[in-house]
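Trainee: The structure is given below, and queries will be raised subsequently.
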Amino acid sequence: MDWAVIQQSLPEFAKGFQLTLWLSASGIAGALVVGVVVSLLRYFQVPVLGRLSGAYVEVARNTPLLIQLFFLYYAFPVLGLKFSAATCGIIGLVFLGGAYMAEGFTGGFNGVSQTQVESGRALGMNQWQLARYVVLPQGLALSVPALAANVIFLIKETSIFSVIAIPELTNTALDLIGLYYRSNEYLLVLVVAYAIILIPLSLLLTWLERRVRYATFGD
Amino acid sequence: MPHSGINVLFEGHNLVRLLGGLWTTVWIAALALVLGLSLGALLGALRTLKNPVLRLGLRLYLEFFRIVPTVVLLFLAYYLVPELFHVDSLPGSWMAVIAFGLWVAAEFSDIVRGALLSVPVHQRESGLALGMNRWQLFRYVLLPQALKLELPATINLATRVIKTTSLLMLISVMDVINIGQQIIEANNTTYRTGVFWVYGVIFIFYFVVDYPLSRWAQRLAAQQKV
Amino acid sequence: METEILKVTHLNKFYGARQVLFDVNFTLHQGEVLTLLGPSGSGKSTLLRTLNGLEAFQAGTLTFNGQPVVADEAHWQKLRQKIGMVFQSYDLFPNLTVLENITLAPVKIQGRSAATVQAEALALLERVGLSAYAKAYPRELSGGQKQRIAIVRALALHPELMLFDEVTASLDPEMVRGVLEIIKQLSQEAAMTMIIVTHEMNFAAQIADRVLFLADGKIVEDTPGQQFFAQPQTQRAQEFLDSMDF
Ligand SMILES: Nc1ncnc2c1ncn2[C@@H]1O[C@H](COP(=O)(O)OP(=O)(O)OP(=O)(O)O)[C@@H](O)[C@H]1O
Ligand SMILES: [Mg+2]
């Protein structure tokens, strides 16, 4: 283990670190938006769109991100749709993450207890009022743990961006290994870099889960 | 169109080659699952014991695999296994089995632990009241209930492993994607849209394997709710 | 006392292929307290839920205030504002304060003015001795308190008929009384019409104008309250009372 090698590589890794953060943040934000819309279309069983949303979720969840990216990056240009690698990465992450987030929201909505829904109905609520006052507020709170798990999952998935040469963390490490053959040093920095992102974040998310749970259900 | 891209699939042995790659993918996933689930069940059971050192060690093991992306795990195996065990000629596919197997073991240990702890106390106590020892309790009371409870999560883990095999090409395993890329490159000039069809077929391969599994998991989970 | 509020004729209800209510007939008048008794699984909850449109029925008619009930969801949504229901599990909305729980439906569903509803809710809370808890969340309340709030929540819609399904069954014994007192007051002071399912025989004996005794999904007895508890007409009902140690 050569510490000088590590030290010299830090500026490169810092760039990759930033890019990983930025791509993750954009992808996750987009995925949350897609997830909310898709889960609502499914919850309200909107004709046509609800079914399409269901199909989208199954396709996106049951295929690897790598193939989704290859499609975007290598196959779409043949049809005249050309995006930069980073754009492909974000689109891919939103496509994959949107489906996972939608499942998270749907799980929350379905997790609202039947007795809660019935008390709403017994008060004369229609379907829309039930959603607005009972299912959505409680369902969103219930979905937080799943959403938090998805956030962690999606950040880790950005490592796959290295296959389309986006210089994020993993790609940076692989490039450096290719140039200088110091695999131990660079892999160590790489693992530590992910730990720096993911350990504090998962602690924060666990805290958030508890807060939301308590604020909504009091336990 | 004289050279419609779809024909690239029927050129020479291309389809057979792709299916061969799929087979590589499948056996690596299957082997990693068998290894990982066995090891994970053991680790999960150990994590329910009181020994603090054991618990901390196993917890750290789990957290390591939670933090490190699978791509990175593959490269760790690729670079470190030969160095640690002084073997030079271990094929990439075996390193993938090791990396995925250890990863599955970590994830499954947490599933097993959760399931064992969720078996109600009175079940445990009625087992003890029947004069069972610890092993009999585990074998006849806890394990069967836990397995049933966690089958959906386990199936979902399997679908993740299958999807993760898409990364095999990164360490030069001749999996379905790697072969697909070779076919695309070899036919680039004749079939310009071939790339679309080859990736399309691979996409469908994955979907056809994973979709029924996740539906199965969903159905089981829904049944358990009632 | 003679205005008909609810009339049930030839009501039959199935869960799938299994019939759980057989040709149920009865009439309920303004201000009347009807107590529904019967062994576990006899169909008491099912009958109440059917009367509130939470369960569909396959044959028969319901008439509410002289109007036939159209069995579609939109129609039931209107009717449920006139038919209050309180369940065994006290299902206050956990994310809302006590006051919000009570005012939500009158304001958002009936479109009444927030100020009026709020004043009325506070008055109702006062009546049940819980005005100190207006701003509290359900998690801060005991089971008995929650159940009293659930009753207030239903009353805030100005129902003409109240349905109570074993509202004290999940309460600790010392909480039961307070809740039953409120129901009693409601009958005596407000002359509320109600159908009550309960396992509290003493309470039932005190409050019931009439008893419907249900067994295996059929009405076995329809008797004035006093008479039922003094001397039920059927063997079945006598056995039931014996089993309840009454
Ligand atoms: N959702 C349902 N699906 C199928 N069968 C049901 C359902 N709900 C109730 N039943 C059946 O209908 C019958 C009547 O049940 P119900 O809950 O109305 O009885 P009950 O008189 O309220 O009993 P308890 O005193 O235990 O509350 C029972 O045999 C029950 O098993
Ligand atoms: Mg009942």
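The values are calculated or read from the model by the stated rules, or taken from the named source; none is laboratory data. Computed from a predicted model, the values in this text were never measured in an experiment. With ideal geometry, Cβ positions are generated from the backbone for all residues, glycine too; neighbour counts draw on all protein chains shown. The area values use the complete protein model at the heavy-atom level, side chains included, leaving out ligands, DNA and RNA. Shrake-Rupley method; radii C 1.70, N 1.55, O 1.52, S 1.80 Å.
Trainee: Quickly estimate the mean residue ellipticity at 222 nm for chain A, helices only: each DSSP H run with n ≥ 4 gives -39500 (n - 2.57), and the total goes over all residues, rounded to 500. Intermediate results must be reported in sequence, preceding the final value.
Mentor: Numbers: 9 runs with 169 residues, N = 219.
Value at 222 nm, helices only, nearest 500: -26500 deg cm²/dmol.
Trainee: On the principal axes of its Cα set, how long, how wide and how thick is chain B? Give whole Å, largest value first.
Mentor: Over chain B, Cα extents along the principal axes are 78, 49, 24 Å.
Trainee: Hey, another quick one. What's the total accessible area buried between chains C and A, using a 1.4 Å probe, rounded to the nearest 100 Å²?
Mentor: Between C and A, the summed buried area is about 2100 Å².
Trainee: Right, another one. So between C:Glu2 and C:Ala71, what do we pick up on full extension, going 0.36 nm a residue minus the alpha carbon distance?
Mentor: Numbers: separation 69, 0.36 × 69 = 24.84 nm, distance 2.59 nm.
So the extension gain works out to 22.2 nm.
Trainee: Over the whole of B:192-199, what's the average partner chain Cβ count within 10 Å per residue? Rounded to a whole number, please. All intermediate terms of the calculation are to be shown ahead of the outcome.
Mentor: On the way: counts 1, 3, 2, 8, 6, 1, 3, 8.
What the average comes to for B:192-199 is 4.
Trainee: Additional query: Run lengths n ≥ 4 of DSSP H only: what is the helix-derived mean residue ellipticity at 222 nm for chain C, with -39500 (n - 2.57) per run over all residues, to the nearest 500?
Mentor: On the way: 9 runs with 89 residues, N = 246.
Helices in chain C give a 222 nm mean residue ellipticity of -10500 deg cm²/dmol.
Trainee: How big is the A-B contact in terms of buried accessible area, both chains counted, 1.4 Å probe, rounded to the nearest 100 Å²?
Mentor: Working: alone 12260 and 13340 Å², together 22370 Å².
When A and B are taken together, about 3200 Å² of accessible area is lost.
Trainee: Using only DSSP helix segments of four residues or longer, with each worth -39500 (n - 2.57), what per-residue ellipticity at 222 nm results for chain B after dividing by its residue count and rounding to 500?
Mentor: On the way: 8 runs with 167 residues, N = 226.
Calculated from helices alone, the mean residue ellipticity at 222 nm is -25500 deg cm²/dmol.
Trainee: Could you derive backbone 3J(HN,Hα) for region C:94-107 from the dihedral phi with the Karplus parameters 6.51, -1.76 and 1.60 (θ = phi - 60°), listing whole Hz in sequence and x where the residue is Gly or Pro?
Mentor: Karplus values, whole Hz, x for Gly and Pro: x, 8, 10, 6, 3, 5, 5, 4, 6, 7, 3, 5, x, 7.
Trainee: Please report, ordered by residue number, every helix of chain B (full DSSP H runs) that is 24 Å or longer along its axis going by C-alpha atoms and whose mean Kyte-Doolittle hydropathy reaches 0.0. Numbers along the way, then the final one.
Mentor: Numbers: long enough: B:14-47 (48 Å, 1.56); B:92-118 (39 Å, 1.21); B:143-164 (29 Å, 0.43); B:194-225 (46 Å, 0.58).
Result, helices passing both filters: B:14-47, B:92-118, B:143-164, B:194-225.
Trainee: On a 0 to 90 degree scale, rounded to 10, what angle separates helix A:3-43 from the longest Cα axis of chain A?
Mentor: 20
Trainee: Something else: Taking R0 as 41 Å, what's the FRET efficiency between C:Glu189 and C:Lys218 from their Cβ-Cβ distance, rounded to 0.05?
Mentor: Values: r = 35 Å, r/R0 = 0.85.
E(calc), rounded to 0.05, equals 0.75.
Trainee: Where both residues lie in the protein assembly as shown, what percent of DSSP beta bridges are antiparallel, nearest 5? Don't skip to the end; give the middle numbers.
Mentor: Values: 21 of 38 bridges.
Among the beta bridges of the protein assembly as shown, antiparallel pairing accounts for roughly 55 percent.
Trainee: Moving to a separate point now. Taking the mean number of other Cβ atoms within 10 Å as a proxy for protection, how do you rank C:131-142, B:122-133, B:163-174 from highest to lowest? Numbers along the way, then the final one.
Mentor: Details: C:131-142: 15.7, B:122-133: 12.3, B:163-174: 22.1.
Ranking, from highest mean packing down: B:163-174, C:131-142, B:122-133.
Trainee: Could I ask something else about it? Restricting attention to region A:28-88, which trypsin sites (Lys or Arg not before Pro) occupy a DSSP loop and are surrounded by at most 16 other Cβ atoms within 10 Å?
Mentor: Filter output for region A:28-88: A:Lys82.
Trainee: Mind putting together the pair-distance distribution for chain C? All Cα pairs, 5 Å bins, whole percent per bin, short to long.
Mentor: Reading the bins upward from 0: 1, 6, 14, 17, 19, 17, 13, 8, 4, 1, 0.
Trainee: Between B:Ile6 and A:Leu201, what is the spin-label point distance in nm, taking each point 7 Å from the Cα along the Cα→C-beta axis?
Mentor: Output for this residue pair reads 4.2 nm.
Trainee: If you don't mind, another one. Using a/c under 1.5 as the rounded threshold, could you call region A:1-121 rounded, prolate or oblate? The axes a ≥ b ≥ c are square roots of the C-alpha gyration tensor eigenvalues, and prolate needs a/b larger than b/c, oblate otherwise.
Mentor: Values: a/c = 3.51, a/b = 1.73, b/c = 2.03.
Oblate is the answer for region A:1-121, as a/c is 1.5 or above yet b/c matches or exceeds a/b.
Trainee: Show me the trypsin sites (Lys or Arg not before Pro) within region B:1-74 that DSSP assigns to loop and that have at most 10 other Cβ atoms within 10 Å of their Cβ. Numbers along the way, then the final one.
Mentor: On the way: sites: B:Arg17, B:Arg47, B:Lys50, B:Arg55, B:Arg59, B:Arg66; in loops: B:Lys50.
Filter output for region B:1-74: B:Lys50.
Trainee: In addition: Is there a simple number for the mean count of other chain Cβ atoms within 10 Å of the Cβ of residues in C:125-134, and what is it? Could you put the intermediate results ahead of the total?
Mentor: Working: counts 0, 0, 0, 0, 0, 0, 0, 0, 0, 0.
Other-chain Cβ atoms within 10 Å of each residue's Cβ, averaged: 0.
Trainee: If r is the Cβ-Cβ distance from A:Arg132 to B:Trp94 and R0 is 56 Å, what FRET efficiency results, to the nearest 0.05?
Mentor: Working: r = 56 Å, r/R0 = 0.99.
Computed FRET efficiency for A:Arg132 and B:Trp94 comes out at 0.50.
Trainee: Using only protein heavy atoms and a 1.4 Å probe, report how much of C:His75 is accessible, in Å² to the nearest 10.
Mentor: Rounded to the nearest 10, that gives 70 Å².
Trainee: Sticking with this structure for a sec: Could you give me the radius of gyration and the Dmax of region B:6-113, taking only the C-alpha atoms into account and expressing both in angstrom?
Mentor: 17.6, 62
Trainee: Evaluate the Kirkwood expression for the hydrodynamic radius of chain A, namely the inverse of the mean inverse distance over all pairs of different C-alpha atoms, and round to one decimal in Å.
Mentor: Numbers: mean 1/r = 0.0517 Å⁻¹.
Taking the inverse mean of 1/r over all distinct Cα pairs, chain A comes out at 19.3 Å.
Trainee: While we're here: Could you please state how large a percent of the accessible area of region A:3-217 is carbon and sulfur, counting protein chains only and using a 1.4 Å probe? It would help to have the intermediate numbers written out before the result.
Mentor: Values: 6270 of 9270 Å².
Within region A:3-217, the accessible surface is 68 percent carbon and sulfur.
Trainee: Extent of region C:19-116 along each principal axis, from alpha carbon coordinates, in Å, largest to smallest?
Mentor: Between the extreme Cα coordinates on each principal axis of region C:19-116 lie 45, 31, 27 Å.
Trainee: Another question, then. Accessible area per residue of chain A at 1.4 Å probe, in Å²?
Mentor: Working: 9580 Å² over 219 residues.
That works out to 44 Å² per residue.
Trainee: Taking a threshold of 19 Å on the Cα-Cα distance, which of the pairs B:Lys163/B:Lys225; B:Lys225/C:Lys13; A:Lys15/A:Lys156; C:Lys13/C:Lys44; C:Lys78/C:Lys108 fall above it? Kindly include the intermediate steps, with their values, before the conclusion.
Mentor: Numbers: B:Lys163/B:Lys225 27 Å; B:Lys225/C:Lys13 25 Å; A:Lys15/A:Lys156 17 Å; C:Lys13/C:Lys44 12 Å; C:Lys78/C:Lys108 13 Å.
From B:Lys163/B:Lys225; B:Lys225/C:Lys13; A:Lys15/A:Lys156; C:Lys13/C:Lys44; C:Lys78/C:Lys108, over 19 Å: B:Lys163/B:Lys225; B:Lys225/C:Lys13.
Trainee: If N is the number of residues in the protein assembly as shown, what value comes out of its Cα radius of gyration divided by 2.2 N^0.38 Å?
Mentor: Working: Rg = 32.1 Å, N = 691, 2.2 N^0.38 = 26.4 Å.
Rg over 2.2 N^0.38 Å, computed on Cα atoms: 1.22.
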